[in-house]
Amino acid sequence: MGLFDGLKAEAQRNFIARADGAKDHIIYKYPEHNVRMMTQLTVAADEVALFVKDGQVVGQLGPGRHQLDSSNVPFLGALLDKFTGGNLFIAEIYFVTMREFPSIKFGGPIGEMRDPDSGLGIGAMVYGDFSLKVTEPQKLVVGLVGMRKASNDDFLGWFKNQVLKVTRDRIAELIVKKKWPLLDVTSGAFTEEIEVEVVAGCKPHVDPYGLTIIRFGNFTVSIKPEDEATLKKLTKDVAYSRLAGGFQQYAQGQAMLGAAEGMSKGGGEGAGGALQGMGMGMGFGMANMFANQQQQNNAQAAAAQAQAAQTGAGRSVLDRLKELNELKVAGLITEEEFAAKKAELMKQV
């Protein structure tokens, strides 16, 4: 170190303030512990300076310029170093910003959550940002010093983990208790409710540190695209099975549609030749199979109608049409599928 650098460092020891590179930090710890008497301390308009010894806050100074002398700052007397004849005092000095800090980004995995509609366990992520304000700086400094997280980076890392933990727990709890479909959660349908719950859930964790979360912004819950496609298909299958009267009937209908589509793609003469090649025995066998199946279906339908008439629990065609329309509005079925299913239901009127 040159002579000029030595003189500059010596002069800087006579002035204490937040470093220029830490202007946007929530908490800044001054690097020196041994401070000369008569040193000038500058505290910005939006911050306070706290003096800490042995993990306890001894005193606090507000905005302005302060000459550090025990005659005008009485609490400095408790910090004097006797071995220097009262020329130095020993303390950790923390600058804490009191204004609101917006757009603090956070995010991470929520973990696997069970979708109420499909029963599948799906891994989800949450990300967004929140605004934070220090309300009681002494609680913050004492708490962070006790956890040895007094730097701004350590503090923010710890705090974001707290927010993520509460978010993960509250979303999982809401899905279970309120049976929210995971697709609705990821679509943003319940974002406002989730934000309210997370803010309330964070309160007991951050209050002891003199902190308050003001609000959340850009709050998003997401799942992988392939998981989203799987959930949409299963949701549509479950809804169709309800309209068809049960999963077995829906599966039979899907199988027959698949067979018809395969025959239509085979071409006219080719398909006819293939049918002729089946032989009479197979033809009669298929005829008997379809006849038996039709009888079973008729019997099941009659039983269902009788039970509905007896208990009054059957759903009307109007109810099924409403469910079908909800599937279309949600984008789970196309206009063509809606029209086809609607035509089938109208035949029952």
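Just so you know, all these numbers are worked out from the coordinates, no wet-lab data involved. Predicted, not measured: the structure shown is a model, and the values here were computed from it. Neighbour counts run over all protein chains shown; Cβ positions are idealised from the backbone, glycine included.
Cut-off under 23 Å on the C-alpha distance; same-chain residues fewer than 8 positions from LYS341 excluded. Which lysines are left, in chain and number order?
Output for LYS341: LYS232, LYS233, LYS236, LYS265, LYS322, LYS328.
If we count other beta carbons within 10 Å of each Cβ, what is the order of ARG168, ARG36, ARG65, fewest first?
Numbers: ARG168 18, ARG36 14, ARG65 11.
With the fewest neighbours first, ARG168, ARG36, ARG65 line up as ARG65, ARG36, ARG168.
Where in region 109-145 does the amide nitrogen come within less than 15 Å of the point 7 Å from the Cα of LYS177, taken along Cα to Cβ?
Within reach of a label on LYS177, which here means backbone N under 15 Å from a point 7 Å along Cα→Cβ, region 109-145 contributes nothing.
If one computes the Cα centroid of region 98-159 and of region 166-214, what distance in Å separates the two points?
Using only Cα atoms to place each centre, the spacing works out to 12 Å.
Under 28 Å Cα-Cα from LYS149, which lysines qualify once same-chain neighbours fewer than 8 residues away are excluded?
Partners within reach: LYS23, LYS29, LYS53, LYS105, LYS133, LYS139, LYS160, LYS165, LYS203.
Between THR42 and LYS232, what is the label-to-label distance in nm when each label sits 7 Å out along the Cα-to-Cβ direction?
Once both label points are built, they end up 5.8 nm from each other.
Grab the Cα-Cα distance for THR191 and ASP154, subtract it from 0.36 nm times how many residues apart they are, and report the gain in nm with one decimal.
Here the segment from THR191 to ASP154 would lengthen by 10.4 nm.
Please name which of THR97, GLN60, ALA19 has its Cα lying farthest along the dipole of region 3-97 towards the positive end, using unit charges on Cβ (Lys, Arg +1; Asp, Glu -1) and the Cα centre as origin.
GLN60
Rounded to the nearest 0.05, what FRET efficiency is calculated for ASP117 and ASP207 with R0 set to 45 Å and r the Cβ-Cβ distance?
Approximately 0.75, to the nearest 0.05.
Please order PHE15, PHE75, PHE190, PHE95 by the number of other Cβ within 10 Å, starting at the fewest. All intermediate terms of the calculation are to be shown ahead of the outcome.
Numbers: PHE15 11, PHE75 15, PHE190 19, PHE95 24.
Fewest to most other Cβ atoms nearby, the residues stand as PHE15, PHE75, PHE190, PHE95.
For labels at LYS328 and ASN218 in the simple 7 Å Cα→Cβ model, what's the distance in nm?
3.8
Give me the net charge for the shell around PHE101: Cβ to Cβ below 10 angstrom, other residues only, Lys and Arg +1, Asp and Glu -1. All intermediate terms of the calculation are to be shown ahead of the outcome.
Numbers: positive: ARG99, LYS133; negative: ASP24, GLU100.
Surrounding charge for PHE101 is 0.
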